[in-house]
Amino acid sequence: MSDLDRVREALRASMTAWATLELRDDQARVTPAPDLDLLATHLEGVDSSWGIQWACDSVQPFVVRARLNVAGTSREGMAAGPTLQDAKLAALAEAARVYGVSPATEGHWVEYDQEEGANTADLDAEAEPTPPPPTKLPPEPPRDPQMEKARRHIEDLLEQLKAAGKGGDAARVLMRGYGETLDESRAIYKELQTLLKG
């Protein structure tokens, strides 16, 4: 089993936390995210020198970037959340997605209490216990090479914007993600290009 497969396995096994993505009155949209303690335990067996780098691009709303470095690979995710902790968990979940570990859904709406936070008890009860790791992982679903290329172009442009001191403005453009279709990704790229020239 390759180190990359072992990293994906560790990420899958640690997806037991919930990141709150948005709030609407007494409702919250949550998504599965890696539990940091569990992830650390699993990644220690893959690479004892693994690490996570965090960067907060905005505080209103919180926008965080998480770069996961393990076994000679690095993947970065960026996300927003109503609290710094939620944004960090969501960014880590996005980094896991870049590694190829995605949740089954875009999120769940649950009840939200200002003091207690999101009520994920029903979601936790529905979740099956983590099965033992398979001896051989199923093949990755085929990826659209054009979408991967578009994502790389956006990430390159994002680095230029950060170097130009416009990382916060770029983060606001990327709040909706990199685009679900090639046309959406191109539109986001053009918007970022305009920002860089402006």
Taking amide hydrogens as modeled 1.01 Å from N in the peptide plane, which residues meet the under 5 Å criterion relative to Ala19, leaving out close sequence neighbours?
Thr31, Ala33
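If you roll a 1.4 Å probe over the heavy atoms of the protein chains, what accessible area per residue do you get for region 19-84, in Å²?
On the way: 3190 Å² over 66 residues.
Per-residue accessible area for region 19-84 comes out at 48 Å².
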Using mean Cβ contacts within 10 Å as the protection proxy, how do 78-91, 15-28, 153-166 order, highest first?
78-91, 15-28, 153-166
Please list the non-local residues whose amide H lies under 5 Å from the amide H of Ser58, H modeled 1.01 Å from N, same-chain partners needing a gap of 5 or more.
Val63
Let me know the shape class of region 151-195, please: from the alpha-carbon gyration tensor, a ≥ b ≥ c as square roots of the eigenvalues, rounded when a/c is under 1.5, otherwise prolate if a/b is greater than b/c, or oblate.
prolate
When every protein chain stays in place and a 1.4 Å probe is rolled, Tyr99, Tyr189 sorted by accessible area with the largest first are Tyr189, Tyr99
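Given the Cα-Cα distance of Leu195 and Gln146 and 0.36 nm per residue of separation, how much length would full extension add, in nm? Kindly include the intermediate steps, with their values, before the conclusion.
Numbers: separation 49, 0.36 × 49 = 17.64 nm, distance 2.32 nm.
This chain segment gains 15.3 nm when fully extended.
The values are calculated or read from the model by the stated rules, or taken from the named source; none is laboratory data. These numbers were taken from a predicted model, which means no experiment stands behind them. We place every Cβ from the backbone using ideal geometry, glycine too, and count neighbours over all the protein chains shown. SASA here: full protein model, heavy atoms, side chains in, ligands and nucleic acids out. Shrake-Rupley method; radii C 1.70, N 1.55, O 1.52, S 1.80 Å.
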